[in-house]
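Peer 1: Would you mind keeping the following structure in view while I ask a few things?
Throughout, read-outs are computed from the coordinates displayed, never taken from laboratory work. Keep in mind it's a predicted model, so treat the numbers as computed, not measured. As a convention, Cβ positions derive from the backbone with ideal geometry for all residues, glycine included, and neighbour counts pool all protein chains shown.
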Amino acid sequence: MEKIQMTTPLVEMDGDEMTRILWAMIKETLILPFVDLKTEYYDLGLLHRNDTCDQVTVDAANATKKYGVAVKCATITPNRQRMEEYPQLTEMWKSPNGTIRSILDGTVFRTPICIDAVKPVVKNWKKPITIARHAYGDVYKAVDMETTEPGTATLTFTGESGEAKTLTVQKVDGPAVWQGAHNKESSIRSFAKACFQYAIDTKQDLWFSTKDTIAKVYDGAFKRIFEEEFENYKAKFEELGITYFYTLIDDAVARVIRSEGGYIWACKNYDGDVMSDMVSTAFGSLAMMTSVLVAPDGTTEFEAAHGTVTRHYYKYLKGEQTSTNPMATIFAWSGALKKRGQLDGLAELESFGEKLEEACFDTLNAGIMTKDLVGLVEPGFQATAVNSQEFLNAIAERLQKKLA
């Protein structure tokens, strides 16, 4: 079989632990036999990020802006425990996802991968719920510190004009921790525009939620900017028969649980991080959640919404077979290849991405699954748990028939 040709590279960002192992297995089993793959490769593994003082993450993000499409493996964001696991680390490096999102200034759209054999634990959910997550600022670009004595913290902004504004944050009578977060109006507007356009493109209602009753200025700015930007999309929403509404985050959670799904739920950065995990787990598995970062200029980065599957990685290091679900990572690759095909006018490459996804669904519908899904299938559905390589081989067999 002649391999499908590419004309422009896509940016490939390798990652950590078990997902790094799956990354190589997916390429070897599902992509390289069929596609003459062209990528600009960046190793975002934790130790290489440390060796480059995290410059490799910045370089990968800038390459993504250059080429327009990227695919990223899950990566480690080190905490204190990770610093002990990896004593070579010279710094507790920031989230690479946060760095990339900051440079691209995009919005992350996360949607569960649904199959009939696995029903959501929320029994009234009938359609996927897409989380639109703002991808800049808040706690992900925050600075924090710890103090040990009584005192007063202030927040000061000094403008280029020299004018300064100062607020008292809090006066404390002993040890305390502090955090300063920010966001930019330009980024919030990009977030709003991306959400409204995505709702139009997918013909879905859009919900947006913050906590402006508490953070009256900070979250209030998000609410105001969304309302202002909606005026530019209102007519198209009415034409398509779709709606936009704002509500508080706690009310939104209650509404989501009572709903049937089938809409986009836009959230601030941290809210979107947490709620996308909740939605993906309720629909079945964290490994069954697509994630795509869309920048204002159309640049896209595809990744899995889950972490590096540390527990399975330690089993792998002991020589044990693991039944790690690769679906979200496969869909990151298929999404990137489809987008590259669309941008370059390569119908065969775009079709390959679609057929790869079809082969995944065919495999799952045949009852061949990783262990995490077997325990979730509906009564009466016959499912067999296989290890990761066996699962990939089963997909490859079906993919080859579709391409023949």
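Peer 1: Would you kindly derive the ³J(HN,Hα) couplings of segment 53-58 from the backbone phi angles with the Karplus curve 6.51 cos²θ - 1.76 cosθ + 1.60 (θ = phi - 60°), listing them in order in whole Hz, with x for Gly and Pro?
Peer 2: Along segment 53-58, the couplings run 6, 6, 5, 4, 5, 5 Hz.
Peer 1: Moving to a separate point now. Computed from the coordinates I sent, volume of the Cα convex hull per residue in Å³ equals one of (1) 176; (2) 144; (3) 195. Tell me the label.
Peer 2: Read-out from the structure maps to (1).
Peer 1: Quick one: which residues, 5+ away or cross-chain, put their amide H under 5 Å from the amide H of Ile4? H built at 1.01 Å from N.
Peer 2: Placed amide hydrogens put Val35, Asp36 under 5 Å from Ile4.
Peer 1: Please list, in chain and number order, the residues 5+ apart from Trp265 or on another chain whose amide H is under 5 Å from its amide H, with Hs placed from the backbone.
Peer 2: Under 5 Å from the amide H of Trp265: Thr130, Ile131, Ala132, Trp207.
Peer 1: Enumerate the amide H contacts of Glu40 below 5 Å, restricted to partners 5 or more residues apart or on another chain; note that Pro and chain-start residues carry no placed amide H.
Peer 2: Correct list: Leu10, Val11, Glu12.
Peer 1: Through the Karplus equation 6.51 cos²θ - 1.76 cosθ + 1.60, θ set to phi - 60°, convert the phi angles of segment 389-404 into ³J(HN,Hα) values in whole Hz; use x for Gly and Pro.
Peer 2: 5, 4, 5, 5, 5, 5, 5, 4, 4, 6, 5, 4, 5, 5, 8, 5
Peer 1: Same structure, new question: Among Ser187, Gly162, Ala132, which residue has its Cα furthest toward the positive end of the charge dipole of segment 108-218, with +1 on Lys/Arg Cβ and -1 on Asp/Glu Cβ?
Peer 2: So the residue furthest toward the plus end is Ala132.
Peer 1: Straight-line reach only, C-alpha to C-alpha below 26 angstrom: list the lysines that Lys203 could link to, leaving out same-chain residues fewer than 8 apart.
Peer 2: Filter leaves Lys119, Lys123, Lys126, Lys127, Lys193, Lys223, Lys234, Lys236, Lys268, Lys338, Lys339, Lys355.
Peer 1: Lys/Arg Cβ at +1, Asp/Glu Cβ at -1, dipole of the chain taken about the Cα centre: which of Gly68, Val121, Thr52 is farthest positive-ward?
Peer 2: Val121
Peer 1: What ³J(HN,Hα) values, in whole Hz, does the Karplus curve 6.51 cos²θ - 1.76 cosθ + 1.60 give for segment 278-288 when θ = phi - 60°, with x put for Gly and Pro?
Peer 2: Couplings: 5, 5, 5, 5, 5, 7, x, 7, 4, 7, 10 Hz.
Peer 1: What distance in nm separates the two pseudo spin-label positions at Leu167 and Glu358, each 7 Å out from Cα along the beta-carbon direction?
Peer 2: Placing both labels 7 Å along Cα→Cβ, they lie 5.5 nm apart.
Peer 1: Which of these, Ile242, Ile26, Ile214, has the largest mean-square fluctuation under a Gaussian network model of the chain (Cα springs below 10 Å)?
Peer 2: Top of the fluctuation ranking is Ile214.
Peer 1: Go ahead and run the numbers for FRET between Val143 and Thr310, Cβ-Cβ distance against an R0 of 35 Å, rounding to 0.05. Walk me through the intermediate numbers first.
Peer 2: On the way: r = 28 Å, r/R0 = 0.79.
Given R0 = 35 Å and the Cβ-Cβ separation, E is 0.80.
Peer 1: Okay, next question. Which of the GluC sites (Glu not before Pro) across segment 169-238 are loop residues per DSSP, with 10 or fewer other Cβ within 10 Å?
Peer 2: Values: sites: Glu185, Glu227, Glu228, Glu229, Glu231, Glu238; in loops: Glu231.
Passing both the DSSP loop test and the Cβ count: Glu231.
Peer 1: What size of dipole, in debye to the nearest 20, comes out for the chain about its Cα centre when the only charges are +1 on Lys and Arg C-beta atoms and -1 on Asp and Glu C-beta atoms? Each step should come with its number before you reach the end.
Peer 2: Working: 45 positive and 56 negative charges, 129 e Å.
Around 620 debye, computed over the chain.
Peer 1: Tell me the relative contact order for the chain as a rounded percent, counting alpha carbon contacts under 8 Å between residues six or more apart.
Peer 2: Values: 743 pairs, mean separation 83.8, N = 404.
That works out to 21 percent.
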